[in-house]
Amino acid sequence: TDAYLEYAGWDPFYIQVGHAKTTNSMEELTSSRHIDLVERGGFTDAFNFNRRIGIQAGYVGDWFRVDVGGFGSELDEPDADFNDEGYALSARAVAFPKIGNDGILHVGASVLYRDYDNNFNNRSVRYRQRPHAHISGIRYIDTNNLNAGSDLFFGVELAGIMGPFWANSEWGWLKVKDITGQAGTSATFQGGYFGIGWFITGEQRGYDEGTFDRPKKVNKPVFEGGWGAIALVARVDFVDLNDTFGGGPCVMAASGICGGEQLTYVVGVNWFLNRHTVIKLNYAHSDVDKAFDNLGDTFPDGKNKVDSITARFQVDW
């Protein structure tokens with residue numbers, strides 16, 4: 001899914017052209033091989049972070065980096081027109097100073113602006129999310145289609161690694177502008193997570209210039225007669241797709257967008273047989289509330305509860 005050319009001969013500057021992710025969110029930019037859980041944080045999918053064709057450039061220093069990018073529309077937009085296809089602009093700044101001998105503090109922020117106005121006709125956009133099981137076909141929180149001209153995302157990031165322990169969190173706000181057919185012309189949604197982890201076998205979480213990486217080392221790999229590395233992980237995840245345009249909370253007869261709120265608790269264990277082979281097991285419980293725009297799955301009161309057990313076996317090279 002990544003297809004780009006990158007030139008890094010002007011170190012510490014780089015320039016990249018092709019199909020790649022916009023420069024937003026530590027969770028989104030961390031490879032799915034190296035995220036804590038089986039699934040990413042809920043807001044990254046709900047807010048439609050994705051890959052686009054475009055150009056990116058940045059500066060990668062010893063303890064901070066800055067990335068900016070400009071992109072065309074998504075490739076799967078059926079009404080995209082090469083003459084007026086819409087565009088996206090993104091930027092991210094991250095600092096990652098070292099703490100002590102082996103600790104790292106991560107602080108970052110990013111912004112993303114997407115223009116959907118094609119020939120001055122607002123485009124249909126939709127924000128929704130599954131519970132913590134991406135193979136599920138049901139999205140319990142869902143704004144349904146909104147005719148919007150643009151949206152603007154702003155997010156903040158905070159993480160840290162200290163010995164075998166780590167913690168990470170993000171929060172983001174998405175403002176959808178120029179909505180037609182609604183009582184208000186703009187709506188604001190939000191979401192984020194807070195997670196912790198602990199290698200009970202003493203290893204350390206990997207980190208690479210603004211994103212998480214594979215463990216630095218597995219002390220006793222299974223294929224060399226050891227037990228591998230075992231990490232315990234936990235997370236609280238929240239997505240809010242409600243906005244009544246200043247008219248109070250979402251109720252059955254509310255005027256506005258009541259896509260719903262989803263609060264999820266996840267616990268899991270990751271067993272690394274070696275640095276490139278891992279088995280992940282997660283249990284998640286989601287509470288869905290105020291999802292009045294999706295009563296087909298939350299009837300009759302906009303509520304639901306979802307429990308899931310997911311497992312992933314992964315080998316990468």
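Observations
- Taking LYS21, LYS217, LYS177 and ordering them by how much accessible surface each has at a 1.4 Å probe, largest first, produces LYS217, LYS177, LYS21.
- Accessible surface of the range 195-317, 1.4 Å probe, proportion on carbon and sulfur as whole %: 61
- THR143 accessible area, 1.4 Å probe, all protein chains in place, Å² to nearest 10: 10
- When the P(r) of the chain is calculated, the portion above 30 Å amounts to 39% of the C-alpha pairs.
- Inter-label distance for LEU5 and ASP208, nm, one decimal - labels placed 7 Å from Cα along Cα-to-Cβ: 2.3
- Cα convex hull volume per residue for the range 176-317 (Å³): 153
- A simple spin-label model places the labels of ASN147 and THR185 1.5 nm from each other, with each point 7 Å out along Cα-to-Cβ.
- Normalised Debye scattering of the range 113-250 at q = 0.14, 0.19 Å⁻¹ gives log10 I(q)/I(0) of -0.82, -1.12, counting only Cα atoms as equal scatterers and leaving out solvent.
- Lysine pair count for the chain (Cα-Cα distance under 22 Å; residues 8 or more apart in sequence or on different chains): 9.
- Count Lys and Arg as plus one, Asp and Glu as minus one, and take only other residues whose Cβ is under 12 Å from that of ALA231; the net charge is then +1.
- Surface exposure of the range 1-51, expressed per residue as accessible area with a 1.4 Å probe, stands at 43 Å².
- Largest first, the residues TYR140, TYR87 sort by 1.4 Å accessible area into TYR87, TYR140.
- Residue of ASP243, ASP213, ASP11 that the Gaussian network model of the chain assigns the largest fluctuation, springs spanning Cα pairs under 10 Å: ASP11
- Computed with a 1.4 Å probe over protein heavy atoms only, the accessible surface of the range 205-252 comes to 50 Å² per residue.
- Simple point charges give the picture: +1 on the Cβ of Lys and Arg, -1 on the Cβ of Asp and Glu, and for the range 190-317 a dipole about the Cα centre of about 680 debye.
- Residue-level accessible surface for GLU261, protein heavy atoms, 1.4 Å, Å²: 40
- Sum of side-chain charges, ASN219 neighbourhood, beta-carbon under 15 Å (Lys, Arg +1; Asp, Glu -1): +3
- Charge dipole magnitude, Cβ of K and R +1, D and E -1 - the chain, Cα centre, debye nearest 20: 900
- Which of TRP317, TRP171, TRP227 is most accessible, then next, and so on - probe 1.4 Å: TRP317, TRP227, TRP171
The values are calculated or read from the model by the stated rules, or taken from the named source; none is laboratory data. All figures in this text were calculated on a predicted structure; none of them were measured in a lab. Methodologically, a virtual Cβ is constructed for each residue, glycine included, from the backbone with ideal geometry; neighbour enumeration extends over all protein chains shown. Note: accessible area is taken over every heavy atom of the protein model, side chains too, but ligands, DNA and RNA are not part of it. Shrake-Rupley method; radii C 1.70, N 1.55, O 1.52, S 1.80 Å.
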